[in-house]
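Everything below concerns the one structure shown next.
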Amino acid sequence: MSEQVGFVTMGETKGPSENIPTIGVGVLGYAFMGKAHTNAYKKLPYIFWPPAAIPRLISIAGRSEKAVAEAARRYGYERFTTNWRDLVTDPEIQIFDNSGPNNLHAEPCIAAAEAGKHIICEKPLARTAAEARQMLEAVRTAGVKHACAFNYRFVPAVRQARLLIEQGALGRIYHFRARYLQEWIADPEFAMVWRLDKSVAGSGALGDLGAHIIDLARFLVGEPRAVNGLTTTFIKERPLGDGSGRKATVDVDDAFVALVEFENGAIGTLEATRFATGRKNHNTFEINGSKGSISFNLERLNELEVYLNDAGPREARGFTDVLVTEAFHPFYANWWPHGHIIGWEHTFVHEINHLIEAIVQGKTVEPYGATFEDGYRCAVICDAIVQSSENGGARVPIVY
């Protein structure tokens, strides 16, 4: 027998003195992000012990029956489906996890909200700001918890950077500059994939990579007032990859750069490309303030470079490479002894635990977690960068 408590099913799993609830999960998408999210659901209960609820992997959805059946068996889902609507109507599912392609974000998430499911959706939230706005209105109307999966908010070093800024350690913020560089489509013979198709992806490097650094800009520095942007497509046709020799048109950006004016008076630069040969997942930012600076590189995600004006004698000052693995650093009390580093995949454990705690304990997802509001605002900024580029780099005010 089980007792219904809100959206959470009280299960029989017990710790030494706890009766821990379970919460049913349905995931749309079994590839890259489906795997990353599933890994988090499976790790969460024994890392964040006792958890607010233990995820129960109910069902996973995908287009290919053979592939999704294999994913269900591999990941440990109780069942699978080739129709995402089965997840939305399943009474055993309380969390709808949308890890599908961008063109499958809006309709399934809106349907899930209307069905009373709590939702986590991968970034970018939608292909356009208008589409994102519809999703935001749906979750607001339904009153469900909602998260946009900007997982880099949950890197311990990034959260530590936010805390330093909140504490005033950097003083007045003057500059934010961020770059997200990859190389995976630099070869002109790289075959066409959905991320290069505007009807599916919405945009290219801007939405795929730029959305992350736009969110970090808002998370760390504040709201932008205006942007000037430039986008470009280097390779305008790609082979279909089906052996036919035919090619398809690439109608998304390969790279973008943007200037940003923040409401607090800071200025910034944003850059993202998938043509930076030699760069694998080079997501970096630097923030300069009146009292000091911080610098971060995702490829060294356990480290945060910190410079503070008053840190010791002037002759000895310089950037300090802080290893963010002490028990007093964000999230680390749940992991290993200091110096034992964690990885990229663990950001999803932090993120999904944050959402489940919000659902079960009645907490808010914001300000440390990203909501559909954050996803919508990011989409507005992305659209403004495209608009600026289409108008010769003209300044475009940000209006939410």
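Read-outs throughout are calculated quantities, based only on the coordinates presented, and are distinct from any laboratory measurement. Computed from a predicted structure; not experimentally measured. Glycine also receives a Cβ, built like all others from the backbone with ideal geometry; neighbour counts cover every protein chain displayed.
For the range 225-267, the list of GluC sites (Glu not before Pro) that fall in a loop by DSSP and count at most 14 other C-beta atoms within 10 angstrom reads E263.
For the chain, what proportion of DSSP beta bridges, expressed in % and rounded to the nearest 5, is antiparallel? Show your work: numbers first, answer last.
On the way: 46 of 75 bridges.
So the antiparallel bridges in the chain amount to around 60 percent.
Listed by chain and number, the aspartates and glutamates placed with their C-alpha closer than 20 angstrom to that of K43 are E12, E18, E78, D97, E122, E345, E351, E357; residues fewer than eight positions away on the same chain are left out.
Sorted fewest first by neighbouring Cβ atoms within 10 angstrom, V252, V155, V200 come out as V200, V252, V155. Helix-only arithmetic for the chain: the sum of -39500 (n - 2.57) across DSSP H runs with n ≥ 4, divided by the residue total, places the mean residue ellipticity at 222 nm at -9000 deg cm²/dmol. Length gained on full extension, E114 to V399: 99.9 nm, using 0.36 nm per residue less the C-alpha separation.
The HN-Hα couplings worked out from phi for the range 384-400 by the Karplus form 6.51 cos²θ - 1.76 cosθ + 1.60 (θ = phi - 60°) are 5, 5, 5, 4, 4, 4, 5, 10, x, x, 5, 5, 10, x, 8, 10, 8 Hz, whole numbers, x standing for Gly and Pro. The loop-placed trypsin sites (Lys or Arg not before Pro) in the range 180-280, going by DSSP, that have at most 11 neighbouring Cβ atoms within 10 Å of their Cβ come out as K236, R246, K280.
Multiplying the residue separation of E78 and R162 by 0.36 nm and subtracting their alpha-carbon distance yields 26.3 nm. Of the trypsin sites (Lys or Arg not before Pro) found in the range 298-341, those in coil by DSSP whose Cβ has at most 14 other Cβ atoms within 10 Å are R317.
Charged neighbours of S290, selected by a Cβ distance under 12 Å, balance to +1 (K, R count +1; D, E count -1). Around the amide H of V324, modelled in the peptide plane, lie the amide H atoms of E303, L304, all under 5 Å away and 5 or more residues distant in sequence or on another chain.
Of K35/K117; K35/K145; K145/K280; K280/K363; K123/K363; K123/K280, which sit over 28 Å apart, Cα to Cα?
Cα-Cα > 28 Å for K145/K280; K280/K363; rest within.
Residues in the range 292-299 carry Karplus couplings, in order, of x, 9, 9, 9, 9, 9, 4, 6 Hz; the curve used is 6.51 cos²θ - 1.76 cosθ + 1.60 with θ = phi - 60°, and Gly or Pro positions show x. When the label point is put 7 Å from the Cα of T364 along its Cα-to-beta-carbon vector, which residues of the range 130-152 have a backbone N closer than 14 Å? Only 146 fall inside the zone, counting backbone N under 14 Å.
Each residue of the range 195-207 was assigned a 3J(HN,Hα) from its phi angle through the Karplus curve 6.51 cos²θ - 1.76 cosθ + 1.60 (θ = phi - 60°); the sequence is 5, 9, 10, 4, 5, 9, 8, x, 7, x, 4, 4, x Hz, with glycine and proline shown as x.
Between E223 and S64, what length in nm is gained on full extension when 0.36 nm per residue of separation is reduced by their alpha carbon distance?
Additional length available on full extension: 53.1 nm.
Under 5 Å between amide hydrogens, built in the peptide plane, is the criterion, and for I60 it picks out V27, R79, F80, T81 among residues at least 5 positions away or on other chains.
Distance between the pseudo-spin-label points of W184 and S290 (7 Å out from Cα toward the beta carbon): 4.3 nm. Taking 7 Å steps out from each Cα toward its Cβ at R140 and K280 produces label points 4.2 nm apart.
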